[in-house]
Amino acid sequence: MEPREFDSVTGRGIEATADGRAVLVGTRQLLAERGVDASRPEADGVRLAKLGNTAIYAAVDGKPAGVVAVADTVKEHSPRAVRALRDLGLEVAMITGDNRRTAEAVARQVGIGRVLAEVLPEDKAAEIRRLQDEGKLVAMVGDGINDAPALAQADVGIAIGTGTDVAIEAADVTLISGALDGVVTSVGLSRATMRNIRQNLFFAFVYNVLGIPVAAGALYAATGLLLNPMIAAAAMALSSLSVVTNANRLRTYCAPSLPARGAPLDGVDVEVHEHEGRKEESMATVKDPVCGMEIDPATAAASEEYEGRTYYFCSESCHQRFVAAPEQFAA
C-alpha cells in the first residue's frame, strides 16, 4: 500500500497514514510521546536489546502492533582494532543513537569501556564538545551524514572512505578502506612522524649549537682552538644530510599487526543523557539549507550571507553547492 502523510521524526522513527490507518514505527520513546502503551512488546524489545539488537516498535491506530529487531553486524577485525587502540594508550568510547541495552551489549562485545547512548544526530557534536570540556583531545571516527558536525567539532576527524561525501569533507583524515585497522595505522604513523620531527630538530640544531661557540672563539683563550670554515661547511652539509636521511626512514614504516583477538569487557560505563535537559541548546540549532541537517552555528563548517540572511553549513561541500546556486537552496 502507498503511505500518505509520511513524516520522519529525527532520531525517533517515522509516522504515516497507510490505507486509512495511522502507523508509527520507531523507538519506544516515540510511541510513548504519541500516547501509545508499548508495555506488552517491551519485554521482547528488552530481550532483543540485550543480544545487541536494536528494537523497533510498531503501532497501528494508537495500539502496539509488534516489535522488530535489526542489528549491525560487528566486523571481525573491529574487536582487534579496539584492543590495539587501547594498547596504544588511547581511551576508546562509542557514541550511538541506540538504546542503553543495545549499546552496552555491542560495547562489551568489541571491548569498549565507555558508551554515550541514545544520542540524537544533532547532539553528537555537543557530546564531542563535552568530552573536550573534560580536558581530552578527541578523535572522532564516522562515516554518515549525521557524523559530519561531530567530525568537524573533534580535534581530529577521521572519515571512513566508504562513507558519505559530507563526512569525508568534514573530516581531517580519510581512510581509504572501511576497516578500523586503518585508524590504528594512522595513529601509529602519526606518532612515528612526530618522533621523526623531533629527531630532525635535534639533528638540525646540534651541529650549530656545538659549532657556533667554537667558531666564535669560546675555546680560543684556553686552547687556541678555532673552527676552520671548511669544517663548518662540512658540519652544515652533514646536518642537512642527517635530517633528510632520518626523514626517509618513514618510507619503510610498517603498520603494527593487530592482536590475534579482541578483549571483550564485562563492565561497560554507559552514559544516557536526557534529551529534555538539552532543549535550550537544541533550540539554538539551525538547518543546513543543502542537506537539511540540524547544526550548531557555533560549530558550523562554513557560513554564507545571501539576501540579508546568514546560512550555516555542516561541511565545505554543502557550502560550495549553496554558493553555486543560492537561489535554489535559499528557497
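Laboratory data are not the source of any read-out in this text; all were calculated from the coordinates shown. Everything numeric here is computed off the predicted structure, so don't read it as measured data. We place every Cβ from the backbone using ideal geometry, glycine too, and count neighbours over all the protein chains shown.
Cα centroid separation, region 1-37 to region 120-159: 29 Å.
Arranged from fewest to most other beta-carbon atoms within 10 Å of their beta carbon, Cys314, Cys291, Cys254 become Cys254, Cys291, Cys314. Looking at Gly135, Asn146, Val156, which one has the Cα that reaches farthest to the positive end of the dipole of region 44-193 (charges on Cβ: Lys, Arg +1; Asp, Glu -1)? Of the listed residues, the answer is Gly135. Relative to the current alpha-carbon distance between Phe202 and Glu307, full extension at 0.36 nm per residue lengthens the span by 32.3 nm. Computed per residue of the chain from DSSP H runs no shorter than four, each worth -39500 (n - 2.57), the mean residue ellipticity at 222 nm is -12500 deg cm²/dmol.
Estimated at 0.36 nm per residue, the fully extended path between Leu238 and Leu88 surpasses their Cα-Cα distance by 50.5 nm. Across region 210-215, rounded Karplus estimates of 3J(HN,Hα) from the backbone phi angles (6.51 cos²θ - 1.76 cosθ + 1.60, θ = phi - 60°) give 7, x, 4, x, 5, 5 Hz, Gly and Pro being marked x. Compared with the dominant principal axis of the Cα atoms in the chain, helix 39-50 is inclined by about 30°.
Taking 0.36 nm per residue of separation and subtracting the current Cα-Cα distance, fully stretching the chain between Asp61 and Lys136 would add 22.2 nm. Could you list the residues of region 232-266 with an amide nitrogen less than 14 Å from a label point located 7 Å from the Cα of Lys75 in the Cα-to-C-beta direction? Counting only backbone N, you get 258. Region 81-119 and region 300-318 have Cα centres spaced 33 Å apart.
Have a look at the DSSP beta bridges in the chain and tell me what percent are antiparallel, nearest 5. Just about 65 percent of them are antiparallel.
Helix 100-110 and the long axis of the chain differ in direction by around 40°, with both axes built from C-alpha atoms.
Charged side chains reduced to their Cβ positions (Lys and Arg at +1, Asp and Glu at -1) give the chain a dipole of some 1720 debye around its Cα centre. Remark: spin-label model distance Ile212-Asp269 equals 4.7 nm, labels positioned 7 Å along the Cα→Cβ axis.
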